[in-house]
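Derivation of every value follows stated rules applied to the coordinates shown; laboratory data play no part. Small disclaimer: the values here were computed from a predicted structure and weren't measured. Methodologically, a virtual Cβ is constructed for each residue, glycine included, from the backbone with ideal geometry; neighbour enumeration extends over all protein chains shown.
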Amino acid sequence: MTPLPKLALSLTAFALAAPALAEEVNIYSYRQPELIKPLTDAFTAETGIAVNVAYLEKGMVERLQAEGKRSPADLIFTVDISRLNAAVQAGLTQPVTSETLTANVPDIYHDPEGHWWGLTTRARIVYASKTRVPEGEVTTYEDLADPKWKGRICTRSGTNAYNVALTSAAIYHHGEEVAKAWLEGLKQNLARKPQGNDRAQVKAIWAGECDIAIGNTYYMGQMLADPEQKEWADSVNVLFPVFEGAGTHVNISGVAMTKAAPNKDNALKMMEFLTSPQAQEIYAHANYEYPIAPGTEADALVTSWGSFEADPVNLMDLARLRDEALKLTETVDFDG
Ligand SMILES: [Fe+2]
């Protein structure tokens, strides 16, 4: 007699039980629970796969680095191409290829190698005073450097990720020298030193401190939904400037699979689910963003602000210019 058959039996029993226990996917998210929970609930309802989310405010890259191969995280959720690219550059992600993802996510909104995938977009636009800025007065980003705007523009810090991406786009389209002159011109036109968040700029228009401001589209929806901020939003029009010869600057919220992903199959299922029309509209509508899958539509409020042609640049090209853009911002002492 040998104990082997018994051992084999217990191993088999374990192997059969294991998959049921492993049906989960773990997410590290910089995005807030109110945006993510409806998605994870819908995913679990459809697939039976449990979703665990750690909501982080900072330090995601450092945490993944510290955890290394033992990290429980399968996916990371964040906004801004620079943050996605930071995780990629730190070697914390893995490339993902999937026909579903390729079909649902336009080429310009995913890494050609598959390390990051966009899920929603937001445009960086101009908020203009309804009373002090005639319609059609701002049509290009280049125009923001025109001296006619002297003392009339408000913006948040030039080193904020949203503005760095915009400056990266200026460099991409015009080269560093022209982009530098543009940033200097824009600085000359500021009504006050860069400060506050995007909504604070709209408040400043409402208060008469400036006439136009740079901001992301979804803040219009957020302000309209806030009793205190609604007046600020009501005082402005949303204008969609373009880079000359290109389009309106957009950035993404997106997802990447971690290099260590312990639940790779479930993680891929989650990624594919997130690009499905159903999930796309849940996600985009929750924060007044734009869904990107074919056949999906933005919320009626969002479409009421107008339509635009997005800049056709692949966001990876902007991510590559991030350091140069940041340096340029510091060189012209944009915030000074
Ligand atoms: Fe934001």
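For the stretch 195-336, would you read off the P(r) tail past 28 Å as a percentage of all alpha carbon pairs? Here the tail beyond 28 Å accounts for 33 percent of pairs. In a reduced charge model with +1 at each Lys and Arg Cβ and -1 at each Asp and Glu Cβ, the stretch 30-149 shows a dipole moment near 440 debye about its Cα centre.
Here the gap between residue 37 and residue 226, fully extended at 0.36 nm per residue and compared with their Cα-Cα distance, gives a gain of 65.9 nm.
Net charge dipole, the stretch 103-154: roughly 500 debye, given to the nearest 20, about the Cα centre with Cβ charges of +1 for Lys and Arg and -1 for Asp and Glu.
Translational diffusion of the chain was estimated from the Stokes-Einstein equation, with Rh taken as the Kirkwood radius over Cα pairs; at 37 °C and 0.692 mPa s the coefficient is 154 µm²/s. Rounded to the nearest 0.05, the FRET efficiency derived from the C-beta distance between residue 98 and residue 62 at R0 = 25 Å is 0.30.
With a Förster radius of 51 Å applied to the beta-carbon distance between residue 265 and residue 234, the computed FRET efficiency rounds to 0.60.
Taking every alpha-carbon pair under 8 Å whose residues sit at least 6 apart, the chain reaches a relative contact order of 28 percent. For the stretch 101-127 and the stretch 177-223, write down the distance between their C-alpha centroids in whole Å. Answer, in whole Å: 25. Proximity of backbone amide H atoms, modeled 1.01 Å from N, is registered between residue 216 and 125 at under 5 Å, excluding neighbours fewer than 5 places apart on the same chain.
In debye, nearest 20, what is the charge dipole magnitude of the stretch 215-336 about its Cα centre with +1 on Lys and Arg Cβ and -1 on Asp and Glu Cβ, if you could check?
So the magnitude is around 580 debye.
FRET efficiency for the pair residue 278 and residue 195, taken as 1/(1 + (r/R0)^6) with r the Cβ-Cβ distance and R0 = 41 Å, rounds to 0.55. Full extension of the chain between residue 146 and residue 297 gives 50.9 nm of extra length, using 0.36 nm per residue less the Cα-Cα distance.
Given their separation in residues at 0.36 nm each and the Cα-Cα distance between them, residue 89 and residue 327 gain 83.8 nm when the chain is fully extended.
Legend: ranking of residues 304, 253, 235, 82 from fewest to most surrounding C-beta atoms inside 10 Å; resulting order 304, 235, 82, 253.
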